[in-house]
Amino acid sequence: MEWSDEYSVGIDEMDKQHRQLFRLLSEFEDAIRSGKEAIVIGPVVDKLFSYTKTHFVKEEKLMRNHSYPDLESHKKAHADMVEQVEDLYQRSLTNGGVMKTELLGFIADWLLVHIIETDKKYSLHIKGKDPCTATNL
Ligand SMILES: [Fe+2]
Ligand SMILES: [Fe+2]
């Protein structure tokens, strides 16, 4: 997972957190590839999950502070993701390596699509560039 400027939502703090998520995903990938996953995977996954949840909370707070009209559906997308990831993770514990790769792929794909299609929308609103919701032009 390489960061690219096309993923930028144009809000520094959120870009910083998204970059950190990319870094944690790379650590997860390395842990799977290292073959030592039984030892290192737990802490790596814990870090990734807890940072993801922290990021969601901060992002939702930012949207709330800017009266973002699509806050509820955005929150639901976050909650659904956490639920799916936790379910996949639980299943990966009994199914071994293949499932962990699937889990990694799911998180990576979800994150990319979510940043590009969903997170960028709050940034348009916050920056006052969304003609439908702009209140601070
Ligand atoms: Fe989001
Ligand atoms: Fe985000």
Determine which single condition Y68 fails, assuming it passes every other condition in (1) open to solvent by less than 30 Å² (accessible area, probe 1.4 Å); (2) in a helix (DSSP H, G or I). (2)
Looking at segment 72-119 only, could you name the residues that are surrounded by fewer than 18 Cβ atoms within 10 Å (Cβ to Cβ), within 16 Å of ligand 2 (Cβ to nearest atom) and in contact (Cβ under 8 Å) with a residue 60 or more places away in the chain? A108, L112, I116
Go through H66, H74 for me and flag whichever is more than 15 Å from T101 (Cβ to Cβ) and away from ligand 1 (no atom under 11 Å from the Cβ). H66
All but one of (1) within 16 Å of ligand 1 (Cβ to nearest atom); (2) open to solvent by 80 Å² or more (accessible area, probe 1.4 Å) hold for H55, so report the exception by its number. (2)
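The values are calculated or read from the model by the stated rules, or taken from the named source; none is laboratory data. Being a predicted model, the structure only gives us computed values, none of them experimental. Every residue, glycine as well, gets a Cβ built from its backbone with ideal geometry; the counts of neighbours run over all protein chains shown. Only protein heavy atoms, including side chains, enter the accessible area calculation; ligands, DNA and RNA are left aside. Shrake-Rupley method; radii C 1.70, N 1.55, O 1.52, S 1.80 Å.
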